[in-house]
Amino acid sequence: MALHLPAHTLADEARSPILRVSFNSSGSSSFATATTEGWVVYRTEPLEVLSRREFPNGSLRIVLPLEQSNLLFLVGGPPSPLYPPNKVLFWDDKLGRTVAELEFREDVRGLAARRDRLVVVLRRRVIVFVLGKGGVGVWREGFYETTPNPTGLVALATEEGSSLLAFPGRQAGQVQLVRLPPLDSSYPPLPPAPSHDPSTTPFPSVSIILAHTTPLSALSTTPSGSMLATASSKGTLVRVWDAQSSHLVKELRRGTDSAEIFGIAFRKDGGALCVSSDKGTVHVWDLTTTRDEKRKAEAESESPRQKQFDILKPYLPKYFSSEWSHSQFRLPPPAPPASRLPFSLSNPSEPGRAATPTIEDDICICAWIEVERPPPPPPAIPAPSPTMQRTDSRESRRGKERERTDSGGGGGGKENLRRQYQQQQRRSSSSYTPPPLPMPTKESQIVAVTHSGGWFRISLGAQPEGTAAVPSVVGLGKDSTSDCRLEEYRRFGNKDGW
């Protein structure tokens with residue numbers, strides 16, 4: 001009997017509504033997604049929804065949570081703005097309404113915040129606001145002129161006692177550093193003095209760094225504000241600077257071809273750095289190892305051919321002196337929709353309307369998290385060795401022989417021998433001291449979040465012992481690179497529960 005089944009059809013998956021991802025202003029414990037119909041706030045690890053607000057046909061450009069509070073900063077954006085794109089709204093999620101708003105003459109490009117400051121980035125201006133406490137309010141502190149900054153680049157240190165604020169300078173490739181009052185949680189900000197002029201620069205620039213020759217594409221700082229990382233529109237180099245002295249600490253090479261850098265993230269202690277780009281890779285550098293130490297370790301395991309190439313390094317361009325990443329992770333490309341398959345199931349001879357989407361279409365933002373590793377199982381109590389068993393059996397036989405010898409001489413000697421034998425047994429059984437139970441440890445891992453709705457938890461993989469990267473003609477200066485491990489993968493952003 002023939003079965004007449006309808007033709008199988010493939011429907012396009014709903015496009016991800018995520019327009020932008022912003023991690024918590026003080027770290028990576030949570031992140032918010034600005035969508036085409038409101039916003040969602042997630043816990044970073046484990047991934048779960050903390051808050052969701054839906055507004056039909058109400059899209060947002062920026063949603064920035066302020067630390068662990070109920071306050072969010074909202075900026076509207078295309079395709080159907082929920083709020084005007086030239087306003088910053090203060091949303092109290094506990095009250096479910098806006099409690100304040102700031103209006104400007106042009107669109108807001110970016111935001112940065114800490115407990116007592118809000119930094120608003122316009123196209124050619126950075127404006128600093130003070131966030132009062134206990135009903136004091138919000139007031140403008142001053143502004144700084146910048147070069148055209150369409151992506152709203154800004155970096156603000158958020159750790160207790162930090163003061164660094166960094167943003168593009170007045171020339172392309174420059175970074176301007178400003179020292180704000182140190183963050184102090186014990187004393188809320190006070191209202192400004194009557195003579196305060198908000199149309200001036202509130203704090204002088206401490207220095208200007210000539211970071212690159214082309215416009216900046218990424219800017220990041222450590223939570224303490226001790227180091228600063230920059231990338232240019234070329235996307236081949238990432239430079240790490242000492243924020244106190246403005247000296248170059250490291251020059252890191254992402255690759256040889258141009259790329260768009262999506263984000264730079266420092267580990268909390270500043271010992272490592274990760275970079276995501278439109279190449280679909282997440283590169284990781286270890287900042288604790290100096291270049292001399294790294295070269296010494298490589299020299300101990302390099303092959304004779306590598307040593308021949310090392311002779312040429314002093315005469316090679318600067319490209320070969322920059323440090324390559326020690327670990328990297330390649331994101332999987334998004335699945336193509338049915339309408340963009342290279343062939344049609346109903347008509348295989350007809351090609352698809354467009355090519356398969358690539359990873360360049362997906363934006364990825366990374367952050368560091370601390371994951372608690374369970375302790376290893378305690379070691380098993382060792383079984384008594386054959387030598388110990390033979391010794392115990394000999395002692396047992398000797399004790400019995402003494403009992404038989406002294407059986408005719410009263411019970412005192414027999415009782416003493418029994419007591420001595422029991423004491424010896426207790427000493428032998430208590431000679432083994434179990435080791436202390438291992439404690440759980442914390443491991444630094446990376447969370448990569450994509451606009452297509454992918455959530456990746458990545459751990460760093462170690463280079464296998466005894467292996468070394470063989471250089472090619474193109475990569476004479478490239479260091480050994482190991483792949484990271486994908487620990488967990490989740491999907492989010494859809495309305496069906498996530």
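The values are calculated or read from the model by the stated rules, or taken from the named source; none is laboratory data. As the structure is a prediction and not an experimental result, all values here were calculated from the model. Cβ atoms come from the backbone with ideal geometry, glycine included; neighbour counts cover every protein chain shown.
Just a few scattered comments:
- Contacts under 6 angstrom Cβ, first residue in the stretch 77-105 being touching a residue at least 24 places away in the same chain (Cβ under 8 Å) and part of a loop (DSSP other than H, G, I, E, B), partner of a type in the set (A, V, I, L, M, F, W, C) and surrounded by fewer than 16 Cβ atoms within 10 Å (Cβ to Cβ), 6 or more apart: LEU82/PHE55
- Residues being in a strand (DSSP E or B) and touching a residue at least 12 places away in the same chain (Cβ under 8 Å) - total across the stretch 39-71: 19
- Residue list for the stretch 24-38, filter: in contact with a Gly (Cβ under 9 Å, 6 or more places away or on another chain), part of a strand (DSSP E or B) and at negative phi: THR33, ALA34, THR35
- Pairing each residue of the stretch 13-32 that is at pLDDT below 95 with any residue that is assigned to a loop (DSSP other than H, G, I, E, B) and acidic (Asp, Glu), provided the two are 6+ apart or on different chains, yields C-beta distances under 7 Å for PRO17/GLU37; ASN24/GLU67; SER25/GLU67; SER26/GLU67.
- Among the residues of the stretch 252-268, those identified as closer than 12 Å to ARG239 by Cα and either in contact with a helix residue (DSSP H, G or I) (Cβ under 7 Å, 6 or more places away or on another chain) or not aliphatic (A, V, I, L, M) (or both) are ARG253, ARG254.
- Restricting attention to the stretch 258-279, the residues being closer than 13 Å to SER28 by Cβ and part of a strand (DSSP E or B) number 4.
- The lone exception for VAL75 - which of (1) within 19 Å of VAL119 (Cβ to Cβ); (2) touching a Gly at 6+ places or on another chain (Cβ under 7 Å) it fails: (2)
- Listed here are the strands (runs of 3 or more DSSP E) enclosed by the stretch 164-217 that have at least 1 residues being over 27 Å from the mean Cα position of the chain (by Cα) and modelled with pLDDT under 95: 205-210.
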